Every structure is written in C-alpha cells, then in structure tokens.
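Let me begin by presenting the structure, written as structure tokens, before commenting on it.
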Amino acid sequence: MKDKRKRLIGLFAIAPIALFWSGCESTESFAEEPPPMQPAEPIQVSGTQLDPYNMGKVRTPEAIHAYYIGPYVDPQDSGIRHDGHRISRVERPAQWNLTPSAPTAVPLGPVVAVADPAKQTALLTGELENKITQANNLIAALIEQNDQLQGELQRKDKAIENLSQRISNLED
C-alpha cells in the first residue's frame, strides 16, 4: 500500500512538470499575423465634389453674430461677479437651399435688405420703355406679315389645284 502511495505521489509530482515540458516542446506552428490594416483612402469619383463657389446654390451657411457682454453680477448669487467677455450666437442655422432662384440677402451694414427682381417697384427707365415699345411694334409687324403670307400661300394653293384640274380635264 505504501508503494502505491509513493507511486501516486510521484505521478502527481511528475505530471505538472511533464505537462510544462510538453507545452514548451510543442511543434505547432502559428499562422503569421496579418499586416495591420491601413486606413483606406476615399475613392474620388468625378462630379461628387461640390465647387466651393457654388456652395450657396445648395446650402446656405449659418449666420453667427458675436456680442460683447460687459462685467455683471450673477442674478442668482450676488456674491459672484462675471468679467466682461464675448459670446457668439447662431442667428440663422444652416439650411438646404430648396429654391435656388430665391431672392438673395444683400448685407448693408447692420440692416439687411432683400434684393428680389420679381418684386421690383421702381419705374422703368425711359430708354428701357422705348426698347420694349419698339420690340412690341416689331412683333406686331411680323404677325401682320405672317398673316399676309399665309393668305398668299392659300391663294397659290387654290390656283395650283385649279390648274391641275384643268390639265386632268384636257387629258381626258
């Protein structure tokens, strides 16, 4: 019985050492690690880049205005004084331009006027009125000449038809 115990104790003592050595002598080959992934550069596709000069036709930028606030006492705690500083406020957020032919804002200093040619209230200049009158007269003359030519063509068609009937009567 003592022999069996010694044998078991010896086995338990040798087993971890054998496992350790067998792990070190492993001939299993591990696959090489793949090279680290490099960030892919975006593919450039023609016609997908927006020209910065045409950006306003697609999206109107946000309007930010800066204000200066002087020193003041905190309204919630009179023991706190705030120094003067500048704050920036978004006056108008960026928006998609859904009507590219809409009126454009013309900055005129602190006031902004809207230039909309569709809502023009000023009278036309005399020179422009004369040009419009000349164009209208020319159009009226062309319409009259067109009517005369149409009448002349109809008379010619009737004459040709009469001549073709006479020729067919003579041939019979």
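The table for this structure:
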read-out: Odd one out for residue 134, checked against (1) exposed (fewer than 10 other Cβ atoms within 10 Å of the Cβ); (2) modelled with pLDDT of 90 or more; (3) outside any strand (DSSP E or B); value: (1)
read-out: Yes/no for residue 83 being charged (D, E, K, R) and at pLDDT below 70; value: no
read-out: Matching residues, the stretch 60-80, being surrounded by fewer than 10 Cβ atoms within 10 Å (Cβ to Cβ) and among the charged types (D, E, K, R); value: 77
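The values are calculated or read from the model by the stated rules, or taken from the named source; none is laboratory data. Computed from a prediction, not measured in an experiment: that's the story for all the values here. In this analysis, Cβ positions are derived from the backbone assuming ideal geometry, glycine residues included, and neighbour counts consider all displayed protein chains.
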